[in-house]
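The values are calculated or read from the model by the stated rules, or taken from the named source; none is laboratory data. Keep in mind it's a predicted model, so treat the numbers as computed, not measured. Because the Cβ atoms are built from the backbone with ideal geometry, glycine has one as well, and the counts that use them run over all protein chains shown.
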Amino acid sequence: MVQILYCVSMTSDSSLPSNGRLGILMPGLGAVASTVIAGVMAARNGTVAPIGSISQMGRIQTDPGNLGSAKPLIKDFAPIAQLDDLVFGGWDPISANALEAAEVANVLTGPDLAAISAELEGVVAMDAVFDQKWVSRLEGVRVKDLPSKWDQALALMDDIERFRTEQECDRLVMVWCGSTEAYQEPSDVHMSLEAFEQGLKDNDDNIAPSQIYAYAALQSHVPYANGAPNLSVDVPAMIELANKLSVPICGKDFKTGQTLMKTLIAPGLKSRMLGLRGWYSTNILGNRDGQVLDAPENFKTKEASKLGVLGTIFEPENNPELYGNIDHVVRINYYPPRGDNKEGWDAIDIFGWLGYEMQIKVDFLCRDSILAAPLVLDLALFMDLAAQKGQSGIQDWLSFYFKAPQFRGDRVEHDLFVQERLLHDKLRELVAS
Ligand SMILES: NC(=O)c1ccc[n+]([C@@H]2O[C@H](COP(=O)([O-])OP(=O)(O)OC[C@H]3O[C@@H](n4cnc5c(N)ncnc54)[C@H](O)[C@@H]3O)[C@@H](O)[C@H]2O)c1
């Protein structure tokens, strides 16, 4: 673990932190969830910096029109919950608790884990709503045995309320950190709240477990963020419920390794009007996520999410001679020796002045969960802030965190720098409100 002296600056008078305990509920106590919990526990003592977390380490210009204006830390500018006030919970069909999940994931080294093992063990997984039909590579053992999806939703709502009471939480948020479910298109049952509730009672085959968690969260007035690429809150029924009950939602699919690189490099190429002929991306990944994605129906969900980004950044309709003929290919290969340490290669074929061709090669030896963990923390804190400020429905200002952002209106934004501006603009607006 990198030890860095973490300086805590003064909180400004205008925006005191939110008081009270915030519960972060995660369906899926796997590599990402256990790494988030471990990182927050380690950061609480103030000697390890929460690196990669915008909410904790990022700064914001108080007046975007004046580069000389103050630039406080976001956590001192916006009234977000403090790390000391966070409490964690979750569900999993395999992991018994966050310690077991962390040991299986093998993201953290032995000494780092030993220092917080008792706290991690205390985060005990609740029995999951799980159906192997949606994640064929996993065998669930800690699963709710109930006759209908309606009963499963009610049982999740009971879990949520029990957690709220037992952990003395003032507020809750839910972030889906579960496996990527098999690919599906929205169907009739997803088109309205009424149809969805009837589908829960009829055990409709098209309702996936993540959608039952999302329904339970929203009915419990708990904001819901989806970290995986599968359909979850991005269907009309859930958007209707979120708007009806004034609960924030967002998703989907954490923007971490290769797609993060893609949305960093692509805006740069476009700003210099360099042409793009093709972008070939391939990964090797050996963790449980990689094992799940090895099933073609689950990979298809991830592929759809990863392929979306280039079109909106390059806007081929504006410069067809530069971006009108792009071959974009994405592959993920399950390769157990690498565990959570994913390697992502990009071969980028570009062209410049007089049409001469050039190539860029990227080899990102990353750590999947180390990149994803701070995103979960930020999303939980910002979704909680949104809820406290009366925001409801889709929070597209959080598209900064997602590969396939849920958005209002007719345009999705993938450019990381534009997304960052939207995030800062909204934070200033919420603080002023
Ligand atoms: N790590 C990253 O960089 C990254 C980036 C983008 C998206 N994601 C997504 O985040 C999710 C979590 O990733 P991970 O690396 O922690 O995977 P993981 O396999 O380590 O953990 C997922 C956990 O979800 C559990 N699970 C499956 N179905 C469930 C259900 N119905 N209810 C409750 N739990 C369930 C599994 O048992 C597993 O323990 C995956 O969907 C992944 O695709 C991760």
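Points worth noting:
- Filter pass, K144 being among the charged types (D, E, K, R), assigned by TED's automatic domain parsing to the domain that holds E240, buried (at least 21 other Cβ atoms within 10 Å of the Cβ) and within 16 Å of the ligand (Cβ to nearest atom): no
- Condition met for D340 (within 16 Å of the ligand (Cβ to nearest atom) and either surrounded by 17 or more Cβ atoms within 10 Å (Cβ to Cβ) or in the same structural domain as S271 (by TED's automatic domain parsing) (or both)): yes
- For first residues located in the range 388-401 and at negative phi and of a type in the set (D, E, K, R), partners that are at pLDDT below 95 and surrounded by fewer than 21 Cβ atoms within 10 Å (Cβ to Cβ) and lie 6+ apart or on another chain with Cβ distances below 6 Å form the pairs K389/S433; D396/F407; D396/R408.
Table: residues versus (1) in contact with a Pro (Cβ under 8 Å, 6 or more places away or on another chain); (2) within 16 Å of the ligand (Cβ to nearest atom); (3) not in a helix (DSSP H, G or I).
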residue: I24; (1), (2), (3): no, yes, yes
residue: V40; (1), (2), (3): yes, yes, no
residue: A43; (1), (2), (3): yes, no, no
residue: A49; (1), (2), (3): no, no, yes
residue: S55; (1), (2), (3): no, no, no
residue: S69; (1), (2), (3): no, no, yes
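- Residues satisfying the criterion are absent from the range 158-177 (criterion: assigned to a helix (DSSP H, G or I), over 25 Å from P248 (Cβ atoms) and over 21 Å from the mean Cα position of the chain (by Cα)).
- Residue tally, condition free of Cβ contacts under 8 Å to residues at least 12 places away in the same chain and not in a helix (DSSP H, G or I), over the range 328-357: 1
- For beta carbons closer than 8 Å, sequence separation of 6+ or different chains, a first residue in the range 275-293 that is assigned by TED's automatic domain parsing to the domain that holds P320 and hydroxyl-bearing (S, T, Y) and a second that is outside any strand (DSSP E or B) and within 16 Å of the ligand (Cβ to nearest atom), the qualifying pairs are S281/Q258; S281/K262; S281/K306.
- Counting only helices (runs of 4 or more DSSP H) that fall entirely inside the range 210-316 and contain at least 2 residues that are more than 11 Å from the ligand (Cβ to nearest atom), the qualifying elements are 236-245, 258-271, 296-307, 309-314.
- Residue check, V123 crowded, with 18+ Cβ neighbours inside 10 Å, under 30 Å from E197 (Cα atoms) and either among the hydroxyl-bearing types (S, T, Y) or under 24 Å from the mean Cα position of the chain (by Cα) (or both): no
- Flag if T62 is under 17 Å from the mean Cα position of the chain (by Cα) and either more than 30 Å from W134 (Cβ to Cβ) or not in a loop (DSSP other than H, G, I, E, B) (or both): no
- If you go through the range 94-136 and keep only what is within 11 Å of the ligand (Cβ to nearest atom) and either in the same structural domain as T301 (by TED's automatic domain parsing) or free of Cβ contacts under 8 Å to residues at least 40 places away in the same chain (or both), you end up with E100, M126, D127, Q132.
- Extreme residue, nearest to the chain's Cα centre (by Cα), among residues of the range 178-207 that are within 16 Å of the ligand (Cβ to nearest atom) and under 16 Å from L146 (Cβ atoms): I207
Yes or no, residue by residue, for (1) within 16 Å of the ligand (Cβ to nearest atom); (2) in a helix (DSSP H, G or I):
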| site | (1), (2) |
| --- | --- |
| Q359 | no, no |
| F364 | yes, no |
| L375 | yes, yes |
| L398 | yes, yes |
| F407 | no, no |
| H414 | yes, no |
| V418 | no, yes |
| V431 | no, yes |
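- Pick from the range 71-103, criterion assigned to a loop (DSSP other than H, G, I, E, B) and hydrophobic (A, V, I, L, M, F, W, C), ranking: farthest from L172 (Cα to Cα): I94
- The lone exception for D368 - which of (1) exposed (fewer than 15 other Cβ atoms within 10 Å of the Cβ); (2) within 17 Å of the chain's Cα centre (by Cα) it fails: (1)
- When each of E161, E139 is tested for being within 13 Å of the ligand (Cβ to nearest atom) and more than 18 Å from V233 (Cβ to Cβ), the lone residue that passes is E139.
- Flag if A155 is within 13 Å of the ligand (Cβ to nearest atom), over 22 Å from G39 (Cα atoms) and assigned to a helix (DSSP H, G or I): yes
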